[in-house]
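Remarks on the structure that follows.
The values are calculated or read from the model by the stated rules, or taken from the named source; none is laboratory data. What you see is a predicted model; the values in this text were computed from it and never measured. A quick note on method: Cβ atoms are made from the backbone with ideal geometry, for glycine too, and the neighbour counts reach across all protein chains shown. SASA here: full protein model, heavy atoms, side chains in, ligands and nucleic acids out. Shrake-Rupley method; radii C 1.70, N 1.55, O 1.52, S 1.80 Å.
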Amino acid sequence: LASHIYNYQGFWIAPRHLQGVIACQQQFQAQDSDIILVTSPKSGTTWLKALVFALVNRIRFPFSEQNHPLLVNNPHDLVPFLELKLYIDGQVPNFSSFTSPRLLSTHLPYGSLPKSVQHSKNKLVYLCRNPRDIFISLFHFTNNLRIENMGTNSIEEMLDLFCKGVSLYGPFWNHVLDYWKKSIENPKKVLFLMYEEMKEQPEIQLKRLAEFLGCSFSIEEEKSGVVDEILKMCSFENLSNLEVNKNEKLSTGEENKVFFRRGKVGDWKNYFTLEMTEKLNHIIEQKFQGSGLLFE
Ligand code: A3P
């Protein structure tokens with residue numbers, strides 16, 4: 001794996017994404033109204049994209065519509081990655097066809113975001129997940145599915161690299177901690193969400209998200225069940241069973257189905273040996289100690 005990924009500005013990326021990252025850093029112009037979704041890969045990006053798309057567009061696209069965009073598109077095609085979109089098109093899009101607020105996403109660490117994203121009033125939603133589940137999800141994504149063409153590594157070898165910080169957009173801890181600190185310093189700019197909390201208390205977390213984005217639910221909406229409709233529409237069960245996500249490909253070429261595996265909390269327990277558990281526990285403890293973040 002290590003020979004298939006490249007260290008740029010202190011984080012690791014697939015070489016094929018480097019050009020897009022640099023282009024976006026140099027040229028992307030943020031608008032104050034932009035909503036940018038940020039994740040470390042496998043944190044639940046696809047889910048977050050679906051939720052925010054449904055939430056922000058709930059008036060424009062009512063859920064009764066048979067052709068609601070989320071029923072016929074993979075969420076990645078509705079909320080593109082800044083850096084990947086740039087790379088694929090070979091040029092910098094201005095996202096001018098996007099209605100305001102523009103919904104965009106990125107895996108970039110805070111310090112490597114385009115300067116205009118760091119300095120304008122746009123909002124960043126960060127979704128974090130237990131690194132143990134991220135690791136297992138990443139293992140399936142990069143290794144079994146050979147998505148990133150990173151060669152084959154055993155699970156032990158991959159864990160060894162992960163613990164050394166060598167994973168897509170890693171070191172994982174740096175990625176999380178930078179956004180975590182920003183969310184404390186500037187809670188109007190960065191909202192920090194946890195995958196596990198969204199699974200456990202979806203209504204509460206969705207309402208938090210709506211409030212942060214300035215589109216809180218009205219009392220009438222709550223009464224009429226809109227919150228639940230959004231959660232149902234974006235559930236793993238619903239999205240993963242749609243024709244588009246079972247049999248079609250993204251505009252970037254990946255099969256949509258690779259973004260839906262199990263969608264559960266704690267699947268790592270089915271894969272980790274005691275030795276692996278201790279190894280990752282040790283580094284998690286060391287890196288997150290005193291931060292206020294807990295991963296159990
Ligand atoms: P697992 O591999 O643990 O199943 P990303 O979208 O960042 O690439 O992350 C993918 C992970 O999110 C996968 O985790 C995938 O199954 C899970 N996922 C995808 N859609 C989801 C949804 N609607 N709800 C919850 N989890 C979802």
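Some values worked out for this structure:
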item	result
Residue in the range 152-163 that is in a helix (DSSP H, G or I) and under 22 Å from Asp77 (Cα atoms) present	no
Residues satisfying the stated conditions in the range 260-296, i.e. of a type in the set (Val, Ile, Thr) and open to solvent by less than 30 Å² (accessible area, probe 1.4 Å)	Thr277, Ile283, Ile284
Criterion: more than 16 Å from the ligand (Cβ to nearest atom) and at pLDDT below 95 - qualifying residue of Ser154, Ser183, Ser167	Ser154
Verdict on Glu296 being more than 29 Å from Ser33 (Cα to Cα), at pLDDT below 95, acidic (Asp, Glu) and away from the ligand (no atom under 13 Å from the Cβ)	yes
Within the range 203-228, considering residues that are within 22 Å of the chain's Cα centre (by Cα) and open to solvent by 80 Å² or more (accessible area, probe 1.4 Å), the one farthest from the ligand (Cβ to nearest atom)	Glu211
Test: residue in the range 262-281 that is in contact with a strand residue (DSSP E or B) (Cβ under 9 Å, 6 or more places away or on another chain) and more than 16 Å from the ligand (Cβ to nearest atom)	no
Long-range neighbours under 8 Å by Cβ, at least six apart or interchain, first residue within 17 Å of Leu51 (Cβ to Cβ) and among the small types (Gly, Ala, Ser) within the range 236-263, second near the ligand (Cβ under 10 Å from one of its atoms) and part of a loop (DSSP other than H, G, I, E, B)	Ser240/Phe260; Ser240/Gly263
Residue satisfying all of: in the range 234-259; in contact with a helix residue (DSSP H, G or I) (Cβ under 7 Å, 6 or more places away or on another chain), within 11 Å of the ligand (Cβ to nearest atom) and open to solvent by 30 Å² or more (accessible area, probe 1.4 Å); nearest to Pro41 (Cα to Cα) among these	Phe259
Selection status of Thr277, hydroxyl-bearing (Ser, Thr, Tyr) and not in a helix (DSSP H, G or I)	no
Subset tally (residues that are open to solvent by 40 Å² or more (accessible area, probe 1.4 Å) and within 11 Å of Tyr169 (Cα to Cα)) for the range 9-33	3
Lone unmet requirement of (1) over 24 Å from Asn74 (Cβ atoms); (2) part of a helix (DSSP H, G or I) for Pro187	(2)
In the range 21-54, residue nearest to the ligand (Cβ to nearest atom) [restricted to those that are of a type in the set (Val, Ile, Thr) and part of a strand (DSSP E or B)]	Thr39
Conditions (1) part of a loop (DSSP other than H, G, I, E, B); (2) at pLDDT below 95; (3) away from the ligand (no atom under 16 Å from the Cβ): number failed by Ser3	(1)
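Here's the yes/no breakdown for (1) at pLDDT below 95; (2) within 11 Å of the ligand (Cβ to nearest atom):
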| residue | (1), (2) |
| --- | --- |
| Leu103 | no, no |
| Thr106 | no, no |
| Pro109 | no, no |
| Val117 | no, no |
| Ile136 | no, yes |
| Asn144 | yes, yes |
